[in-house]
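Here the structure comes first, spelled out in structure tokens, and everything after it is commentary.
The values are calculated or read from the model by the stated rules, or taken from the named source; none is laboratory data. This is a predicted model, so every value here is computed, not measured. In this analysis, Cβ positions are derived from the backbone assuming ideal geometry, glycine residues included, and neighbour counts consider all displayed protein chains. Heavy atoms of the whole protein, side chains included, go into the accessibility calculation; ligands, DNA and RNA do not. Shrake-Rupley method; radii C 1.70, N 1.55, O 1.52, S 1.80 Å.
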Amino acid sequence: RFQACVYFASAFQAMSCGIHYLASVFMAVTPNFVCGIPGNVSSVLFYNSSESSIEDIWTLWTSTENYIVVQLENGEIWELNQCSRSKREGSLNLAYEYKGNKSIFSCSDGFLYDDTKWKSTVVTQWDLVCDREWLAKLIQPTFMLGVLIGAVIFGDIADRLGRQCVIWFTSAGQFVFGIAVAFTFDYYSFMIVRFLLAMVSSGYLVVAFVYVTEFVGIKARTWASMHVHAFFAMGIMVVALVGFLVRTWWVYQIFLSIATLPFVLCCWMLPETPFWLLSEERHEDAQKVINIMARWNKVSTPCKVSELCSVQQDDLVSGRMGDNDTSLAKKHNILDLFCNWHIARRTITVWLIWFTGSLGYYVFSLSSVNLGGNEYLNLFLIGAVELPCYVIACIAMDKLGRRNTLIPFLILSAVICVLIMFIPQDFNVLIILANMAGKFSIGVAFGLIYLYTAELYPTIVRSLAVGSGSMMCRAGSVVAPFCVYLRSVWIFMPLLLVGIMALLSAILTIMLPETLGKPLTNTLVEATEMGRNKKSCSGKTPPAHSGAALEKIEMFGQETVSTE
């Protein structure tokens with residue numbers, strides 16, 4: 001009962017991470033627009049349609065190549081393009097086609113925007129179009145850069161100061177910075193506050209994985225850690241729903257920020273994890289938390305921390321006495337992930353899978369609003385398809401194995417990317433279904449790689465392996481928005497890149513060993529032998545200790561690292 005309450009409370013706040021990660025898909029929409037008018041309009045002409053106001057023209061607008069002809073009250077006739085405007089010289093006849101002399105001017109009077117869908121976005125608020133368009137395209141990549149930095153900073157703080165304080169700070173930070181974004185006064189303050197919001201959102205998501213894993217029992221740990229992703233996906237669905245209901249960007253941002261306010265009000269009740277308290281030798285505090293858990297769960301004889309610690313220390317001492325290798329204290333670095341060809345090949349493959357999974361995940365998510373049809377429904381479905389995705393991943397991982405699940409779904413992702421290119425653009429429903437299938441398949445691979453990475457590497461470099469893979473994941477999320485922008489070069493370019501990366505990852509994954517049912521390795525020698533290779537990193541690591549209590553505590557910690 002206690003663990004269930006802690007889990008669902010912590011996972012619920014993960015929705016806010018999904019909300020803020022994808023909020024920009026509607027907040028930074030660029031609607032149809034033309035140059036502003038230097039005067040009052042008396043009539044408007046668009047091809048053969050004559051209207052009294054420009055607002056009536058937007059329903060006829062089909063391409064950025066279009067322009068609008070307007071006649072002012074003083075008789076002047078202007079052609080309004082997206083990034084320039086021209087005044088017709090010596091013409092009083094209002095006609096759409098004109099081959100006479102024109103004087104071209106810049107858009108010094110601002111721009112006129114189509115507000116039929118969105119009353120206001122950050123693009124229309126600060127005119128992020130034409131020569132300022134690049135500023136709009138930096139909104140999502142800058143946010144993802146904050147995600148990368150936040151994961152590193154708050155992950156380290158959580159190890160030093162505890163999970164509880166980071167959970168508190170990042171939860172409050174998401175609410176405060178989320179509301180603050182809505183009240184920024186210019187583009188640069190908007191970007192700074194959004195960057196801080198990205199850092200605390202990422203920090204919460206990273207630490208929440210560790211937090212729930214350290215509370216949940218071993219049997220449920222895989223399912224529990226995987227389904228934190230499901231709450232993230234629910235956040236994406238909330239973005240679609242709020243975007244449909246609220247069409248002014250700053251009101252939209254406020255509603256998104258208060259969606260998880262209940263957790264912010266009660267997160268201070270969450271305790272520190274006994275695992276972290278024990279690692280800091282705060283045995284009395286750990287015992288208090290365990291006693292609270294026992295009362296909630298109606299356990300009459302809770303475990304005694306003092307007994308566990310005495311057994312652990314005895315096993316550690318006996319292990320050290322039987323081992324004269326002084327390299328136990330050796331500090332390992334990222335070069336150990338390349339100690340021989342087999343481990344190096346494994347590391348490169350794992351890094352590529354992390355990068356591809358993140359790239360594909362965000363390319364499918366961010367592109368969903370450009371698929372045609374109802375963009376709000378598209379994003380909602382792209383989020384909803386993740387919910388069964390993680391159920392299938394958990395079942396397949398335990399039945400078929402990690403590698404045997406990863407390879408088919410990576411290949412399926414690549415195949416779907418190719419198939420989408422051959423679907424006619426007017427088949428909107430088929431395109432949306434194919435993109436949902438692509439998101440489903442890449443989601444399985446993306447969720448699986450967390451645990452698979454931890455099982456592929458030995459104890460001494462496991463946290464390094466998962467940490468470096470997570471960094472490649474963040475790099476993929478930074479690159480993803482730029483990849484989506486390549487649609488302007490060729491509409492299928494993002495899918496082509498994701499498909500190539502997924503296929504390459506699948507081919508390299510064939511050479512990885514299967515880890516299902518195999519014990520976690522402790523040394524690089526054992527990790528190399530798991531791949532049925534003869535070469536090893538001998539001399540670099542000590543033989544594994546065999547103390548029973550140490551093994552149990554170590555396994556607990558390693559599975560914690562796997563989700564981190």
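Looking at segment 8-98, the GluC sites (Glu not before Pro) that sit in a DSSP loop and have at most 13 other Cβ atoms within 10 Å of their own Cβ are Glu65, Glu73, Glu89, Glu97. Evaluated with a Cβ-only charge set (Lys, Arg +1; Asp, Glu -1), segment 33-116 carries a dipole of roughly 380 debye about its Cα centre, given to the nearest 20.
Here segment 336-529 has 76 percent of its accessible surface on carbon and sulfur atoms, given a 1.4 Å probe and all protein chains in place.
Cα centroids of segment 452-529 and segment 330-398: 8 Å apart.
Counting only protein heavy atoms and a probe of 1.4 Å, the accessible surface of segment 143-263 is 80% carbon and sulfur.
Running Debye on segment 33-116 with equal point scatterers at the Cα sites and no solvent, what base-10 log of I(q)/I(0) appears at q = 0.14, 0.18 Å⁻¹? Here log10 of I(q) over I(0) equals -0.40, -0.69. For the listed peptides 435-443, 239-247, a ranking on the average number of other beta carbons within 10 Å per residue, highest first, reads 435-443, 239-247.
Per residue, the accessible area of the chain comes to 44 Å², computed with a 1.4 Å probe over protein heavy atoms only. Using just its DSSP H runs of length 4 or more, each adding -39500 (n - 2.57), the chain gives a mean residue ellipticity at 222 nm of -20500 deg cm²/dmol after division by all residues.
For the chain, the residue among Phe422, Leu516, Ala224 whose Cα projects farthest onto the positive side of the dipole built from Cβ charges is Leu516. Per atom type, segment 33-116 shows carbon and sulfur on 44% of its accessible surface, probed at 1.4 Å.
Cross-linked pairs Lys288/Lys399; Lys219/Lys288; Lys399/Lys439; Lys298/Lys518: Cα-Cα separations exceed 29 Å for Lys288/Lys399; Lys298/Lys518.
Let a ≥ b ≥ c be the square roots of the eigenvalues of the Cα gyration tensor of segment 356-402; is it rounded (a/c under 1.5), or, if not, prolate (a/b larger than b/c) or oblate? Oblate is the answer for segment 356-402, as a/c is 1.5 or above yet b/c matches or exceeds a/b.
Just how far, in whole angstrom, is segment 237-292 from segment 411-431 if you go by their alpha carbon centroids? When both Cα centres are located, 38 Å separates them.
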